[in-house]
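Input: a single structure, listed below in structure tokens.
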Amino acid sequence: MLDEWVYGTGLPENAWKPDPQAFAEVDSAVAAYANEAALPNVKVWRDWTAAEQRRFLEELPQDLSAEQLAALDTTLGLSQTDNNEVLFLWLEAALRNEYAPTVPQAERFLATVGRNKFVSPLFTALNETDWGKPIAQRIYAETRSSYHAYTRGNVDETLQYKVSAETSLSE
């Protein structure tokens, strides 16, 4: 069915169809967390794929307390993950909720990862609170020159960052 895949419209009949139950366990864990603040078992968390972990983090409530964030990190080891997709979601939730213990890690992340899909949302999360605005400005002043022009443009606009003539010349 190569011709159908390459030249046809829509998905061919032999396209793999995802299992709608694939995230059932994760969705159940999200519901348990929302209803009872019950966290997934550590072994279950570690056995989940990155996509499942991301699904859990994406579905968390927007507003979380410092105690809830500390429990999430302590139980699930979010700060220790080697997966940038998972780490990004953790940092975004923590910064959005003014969780100060993650600021040093966010600084390191923003200094080493330049992808706009990570950088812009983290600066946006910081910039949305009075607590985070000065942190965002400080980190951005230190990391701005390492970002691609597209990312700089996005974050410049978000932070209303003013580029000086000296900064322009060094880029």
Using just the alpha carbons, could you tell me how many Å³ per residue the convex hull of the chain encloses?
165 Å³
Return the Rg/Rh value of segment 96-171, two decimal places, where both radii are evaluated on C-alpha atoms and Rh is the Kirkwood radius.
0.94
Probe of 1.4 angstrom, ligands and nucleic acids ignored: what's the accessible area per residue over the chain, in square angstrom?
60 Å²
The alpha-carbon center of segment 1-36 and that of segment 56-81 are separated, in whole Å, by 26 Å
Karplus ³J(HN,Hα) for segment 62-73 (6.51 cos²θ - 1.76 cosθ + 1.60, θ = phi - 60°; Hz, whole; x = Gly/Pro) runs 5, 9, 10, 7, 4, 5, 5, 5, 4, 5, 4, 5
Is any residue of segment 30-49 close enough, with backbone N under 15 Å, to a label point placed 7 angstrom from the Cα of residue 81 along the Cα-Cβ axis, and if so, which?
30, 40-49
In a GNM of the chain with a 10 Å cut-off on Cα contacts, which of 67, 85, 58 has the highest mean-square fluctuation?
67
Inverse of mean 1/r across different Cα pairs in segment 50-98, Kirkwood, Å
10.7 Å
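The values are calculated or read from the model by the stated rules, or taken from the named source; none is laboratory data. Everything quoted here is computed from the prediction, not taken from an experiment. No Cβ is skipped: glycine too gets one built from the backbone with ideal geometry, and neighbour counts run over all protein chains shown. Ligands, DNA and RNA are excluded from the accessible area calculation, which covers all protein heavy atoms including side chains. Shrake-Rupley method; radii C 1.70, N 1.55, O 1.52, S 1.80 Å.
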